[in-house]
Structure formats: structure tokens, C-alpha cells
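Each remark here refers to the structure printed beneath this line.
Nothing in this text is a laboratory measurement; each read-out follows from the coordinates by a stated rule. Model, not experiment: these values are computed from the prediction. For neighbour counting, all protein chains shown are included, and Cβ atoms are generated from backbone atoms with ideal geometry for every residue, glycine included.
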Amino acid sequence: MSSPYDSVLRARLTRSMNKIYRAALTGEDTVERRYTLKPPFPWSDMGRHMSEFREWTRFWRRPVPYWTVELTTHRPKNLGEQTDCPAAVVFHSAQSMLDYLGLSSDYEQLRHDYEQLVAGHEELGPVVLRYRKALLADRSLAASVLRVADYFAVHGQAAARPRYLRELDIPHVHTKWIEDHKELATAVYGALYPASGVRTFTDFCDHLDLLVQAPTANIYLRSLDPELTFGGAQAVMLTGAELLRIRLPFRYVFVAENKLNGYTFPAVPAGAVIFGAGNAASGLLAATADQSGNWLSQCQNLYYWGDMDRDGFRILSRFRRQFPQVKSLLMDRDTFAAYDEFAVPDDGSEVDMPELLTAEEQRGWQYMTEQPSGAQRLEQERIPLAAVRAALAGIVPGILY
């Protein structure tokens, strides 16, 4: 039974729980077993607190199965020699410490899990100790850990293609188990393959070429030709990788940053518009960074329409670096001059003129930056659709508006 007299001892043992469990489970009894005892008052004050000293002495000298008490002699002033005073307790074993703390049942459960897992894979001993609280909280967890370890012992290398975590077919372990126990799964794999260098869940996924989440579709592709649809749908939302697999015969492709402009973009025979929510170009650049020869790279009528501001020209420059054939749409001096009444302040980060701008685009940049500070940005959605149609009439042969 707990008492104020042993609260300090219990606190010291609790701080050493990992060492105590390790010693009890492995037999490597390196944990401290001797603990010095201090009375509630200095020995010199025994005369003034005799009843408390007697109660404290009685508590420690009572017979218990956990420890042996070392005794000593004290000579308090005016009291004579006091023999058989408790000086320290020495625990019989690490297991007796756990018994004293009321953890006998937990220890037996953990010992069962430890023996089961180490018998299957001796490398898992440290994993049991590290995740003892989780194992004690979920009595089915040890069996799942063993099955996961069995699986990785056979399938310890990356597959021929990237796989989603839920594609791992581990017998009698549900498909979300690793997602629910990321650190534990990482620890199991790291214990089985220490040379792999796997320390974190990111390491684990990278090493085995595993995908955690499905890609997010964040790029819109809208056909501008009613005769060219996606199974009857004129607009679809795709990932960058999916966009590159499109096989419709689009001859004219326009990239616009504004979502509403993408949906209101005028009709163009054999044309398509790619747009997003301010990230269409960035998504395309990321998707095509390691993809050469895709249909978009081969499109000779590729146009970028962004805001006439510092960031818009910077994106155009980046886009042209990856797609050298791209031409800009409505990003020139005359466009800005025609609608400068709609210009607003520019909070873009670009200071110097970006590289790879054409002569006409450079004139647009210069004209834009020469405007008053409160009117150096012309957003694409502020340009009337009539101007868009007029620009398209000069691009697509035979188109009439």
C-alpha cells in the first residue's frame, strides 16, 4: 500500500521504468536496486518528533516481499544510541520493483508479448520496450506486429513500381494498420533492416517506394471545342500526371491562372484551356519536370495568359524555360495601356525583369513598372472578354467573333 513515506521512492522508480522493464524482460539486471532512505525530519530532531520517527521506522521495517532493509545506528543528542534505524532498501530484482509498484499484471502481459515477438524475430526486443505502453493498451497489437514483421522479413525491398500503403497485402492485418501505427511500423522495419538507415516514417516510405495519399486533382482541363469532349464532359479535373496522358487532338492550348476565366474562355476549334485556382502553371511545371516528350511539350500553339504583374511575368519566364514554344496572351504594353484604369497595386516579390521575355513582353514589363505604385498590376479577369475574343481571332485561322 502506498504511503507518504515511500512517495519519493515510487517517483524515483517511475522515472526509471524503461530500465526496470528492460532488466526484468532481458535478465540484464543493470538497474539500480539500492535506494537510500531519508526520514521525514533530520535525525537531530528526533527528540521533537519521536512519534513520527517511530511510525516512519515501523513502515520501513515491516516485512514485505519486495526488498531487504539495511539498518544503521544513530546517536541523536540527549537520546542515546538508536539502533536498527532504516538506512536503505535493496530490491531483490527488477521484477520485484514492478510488483511493488502494482505492475505485476502489466509485466506478465508484456513478458508474454516480448517472448512471442522475440521468438519470431529477436531483433524486435527493443521495439517491445519502446512501445510497451501501446502493447499494454491494445492486447491484439503484438499479434499484428508479429505478422507485419513476418511480412517485411520476406518483402523487405521496394516493388517494381510505387505502391500505396494499402496495397501491402499482409495476412490478417487490415489495410490501414500501417497508417494507424506509422512509428511502430517504421520501428519494426528499422529493427529488421538496421543497415537500411530507416529512422522515420518518411524514410520508411521512401525506402520501399510507398505512397501514403492519393494525388490531389488540382488542374482543370476544359475543351474549347464541343466536338472534342471527355466522354461527353467538356471539363475535367486532373492531377498533373493524368493531364500528360490526355490523347485528344488539341491543336491550341491556353494556360490561364484564374478559374473563372478558364470556364468563360471563348470557344476555339481544336482548342483547350488549362487552368486552376492560381496554380495552373506551377502544377504543370511540377508535373512535367521529369517528363519529356509529353503532348504538351509537342504542342506548337501553346499560350500562357497570366496577370500583368511582377509575379505573372515571372511565371511566364519559368513556364517558357520548360516549354520554349509558349507564347503569351494579352501580356503586352498595348493591353496594359488600354485597360490601365483597372490597374491596382502590385505586391509581387519580383524586382528585376525576368529572363526569357520577348521584346514585346519586355515593353509590357517596362510600361507596367513605370506606372504609379498604386496601379502596377492588371489582373487578367479585369480584361473584357471582347478583348480575349479579338486576340483569339488573330491566333486561330478562320475563327470569327
Rank Leu260, Pro42, Pro354 by how far each Cα sits towards the positive end of the charge dipole of the chain (+1 on Lys, Arg Cβ; -1 on Asp, Glu Cβ) and give me just the farthest.
Pro42
Dipole size in debye (nearest 20) for the range 4-100 around its Cα centre, Lys and Arg Cβ +1, Asp and Glu Cβ -1?
200 debye
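Per residue of the chain, what 222 nm ellipticity follows from adding -39500 (n - 2.57) for every DSSP H run with n ≥ 4, rounded to the nearest 500?
-11500 deg cm²/dmol
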Between the alpha carbon centres of the range 1-68 and the range 90-129 the gap in Å comes to 22 Å
Per q in 0.24, 0.26 Å⁻¹, report the Debye log10 I(q)/I(0) for the range 1-49, using one uniform scatterer on each alpha carbon and no solvent.
-0.93, -1.00
Say the cut-off is 23 Å between C-alpha atoms; which of Lys38/Lys133; Lys259/Lys327; Lys19/Lys176 go over it?
Lys38/Lys133; Lys19/Lys176
Describe numerically, in nm with one decimal, the distance between label points set 7 Å from Cα along Cα→Cβ at Asp138 and at Val64.
3.5 nm
Along its three principal axes, how long is the range 219-393 when you only count alpha carbons? Whole Å, largest extent first please.
49, 35, 25
Kirkwood calc, the range 104-211, C-alpha pairs only, radius in angstrom 14.1 Å
Once the Cβ-Cβ distance between Leu228 and Tyr164 is put in as r, and R0 is 30 Å, what FRET efficiency do you end up with, to the nearest 0.05?
0.40
Report the far tail of the P(r) of the range 4-100, meaning the percent of Cα-Cα pairs longer than 22 Å.
35 percent
Debye sum, Cα scatterers, the chain, no solvent: what log₁₀ I/I(0) at q = 0.12 1/Å?
-0.96
